[in-house]
1. Under 26 Å from residue 123 (Cβ atoms) and out of contact with any Pro (no Cβ under 9 Å at 6 or more places or on another chain): which single residue out of 152, 167, 183 fits that description?
2. Among the residues of the stretch 51-68, which ones are aliphatic (A, V, I, L, M) and farther than 20 Å from residue 90 by Cα?
3. Scan the stretch 44-57 and give yes if some residue there is among the charged types (D, E, K, R) and more than 23 Å from residue 182 (Cβ to Cβ), otherwise no.
4. Taking the condition of being in contact (Cβ under 8 Å) with a residue 12 or more places away in the chain and surrounded by fewer than 16 Cβ atoms within 10 Å (Cβ to Cβ), how many residues in the stretch 167-186 meet it?
5. May I ask you to say which residue of 97, 66, 141, 120 is more than 19 Å from residue 8 (Cα to Cα), in contact (Cβ under 8 Å) with a residue 24 or more places away in the chain and buried (at least 24 other Cβ atoms within 10 Å of the Cβ)?
6. Can you name the residue in the stretch 32-63 that is within 24 Å of residue 154 (Cα to Cα) and of a type in the set (D, E, K, R) and, of all such residues, is surrounded by the most Cβ atoms within 10 Å (Cβ to Cβ)?
7. What is the residue count in the stretch 151-172 for residues that are assigned to a loop (DSSP other than H, G, I, E, B) and farther than 14 Å from residue 104 by Cα?
8. Residues of the stretch 71-89 being surrounded by 23 or more Cβ atoms within 10 Å (Cβ to Cβ) and within 21 Å of residue 119 (Cα to Cα), which ones?
Amino acid sequence: MAPQLLLVSPAAATPELAPAALMSVLSAAPIAALLVRRGQRSDADYAALATSLINIGQGAGCAVLLENDWALAKRLGADGVHVTGDEAAVRAAIKALKPQLIVGAGPVSTRHDAMTRGELDVDYVWFGALDNPPDAAAPELAQWWAQTFEIPAVLHDPAAAAAAADPRGAEFFAIGDSIWSAPAPAQAVAAIARALGATP
């Protein structure tokens, strides 16, 4: 079965520059979810960006997840939160948002960490670093998780390309940096979707 695509917003996105590019990418391939990266933004800047991308993403029919800030996700009407922090941070998000909203966790870099997060009733476990350099162990870990557990695996490949896209059996394949740095992001995401069979 083809994986669902999860799009990671560009780290340097701004409310003024992101909408047109994002809309073109979301219309080029079936995107299940969008993770709005925070980067080094202030609270106000991230809230402004999140507001813009929530409207665009949900309008295109995909779930929109914010990074770490479950209170902001709840306030702005996002679909959930992606927690990169420790076990306590994951527990806090779960207590505040579930079962109405999505709570995902990661990246994890060991089997032990993956199982620890999975025991917390998260909606997915994320494998692969959000920033460069990529985690070389992530594909094997994601494949092990997908073959062993029912909780969905997300494998993030920041260098994903149509010629070498390999989700390793993960239910979700997260893509981002290589899309936004491509000359034509919409064409890049469409090519990956075709290569994976993730087309309507």
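Values in this text are rule-based calculations from the coordinates and carry no lab data. As the structure is a computational prediction, the values presented were derived from the model and not from experiment. Glycine gets a Cβ as well: all are built from the backbone with ideal geometry, and neighbour counts include every protein chain shown.
1. Values: 167 fails: out of contact with any Pro (no Cβ under 9 Å at 6 or more places or on another chain); 183 fails: under 26 Å from residue 123 (Cβ atoms).
None of the others qualify; the one that does is 152.
2. Correct list: 53, 54, 56, 60.
3. Pass one, the stretch 44-57, residues among the charged types (D, E, K, R): 45.
Checking which are more than 23 Å from residue 182 (Cβ to Cβ) leaves us with 45.
Yes, there is a match, as at least one residue in the stretch 44-57 is among the charged types (D, E, K, R) and more than 23 Å from residue 182 (Cβ to Cβ).
4. Looking only at the stretch 167-186, we keep the residues that are in contact (Cβ under 8 Å) with a residue 12 or more places away in the chain, and these are 167-180, 185-186.
The next check asks that each one be surrounded by fewer than 16 Cβ atoms within 10 Å (Cβ to Cβ); those that pass are none.
The total comes to 0.
5. Numbers: 97 fails: buried (at least 24 other Cβ atoms within 10 Å of the Cβ); 66 fails: more than 19 Å from residue 8 (Cα to Cα); 120 fails: buried (at least 24 other Cβ atoms within 10 Å of the Cβ).
Result of the check over 97, 66, 141, 120: 141.
6. The residue in question is 38.
7. Taking the stretch 151-172 as the starting set, the residues that turn out to be assigned to a loop (DSSP other than H, G, I, E, B) are 151-152, 157-161, 165-171.
Adding the requirement that they be farther than 14 Å from residue 104 by Cα leaves 157-161, 165-170.
Of the residues in the stretch 151-172, 11 are assigned to a loop (DSSP other than H, G, I, E, B) and farther than 14 Å from residue 104 by Cα.
8. Step one: of the stretch 71-89, the residues surrounded by 23 or more Cβ atoms within 10 Å (Cβ to Cβ) are 73, 78, 80-83.
Scanning the stretch 71-89 gives 80, 81, 82, 83.
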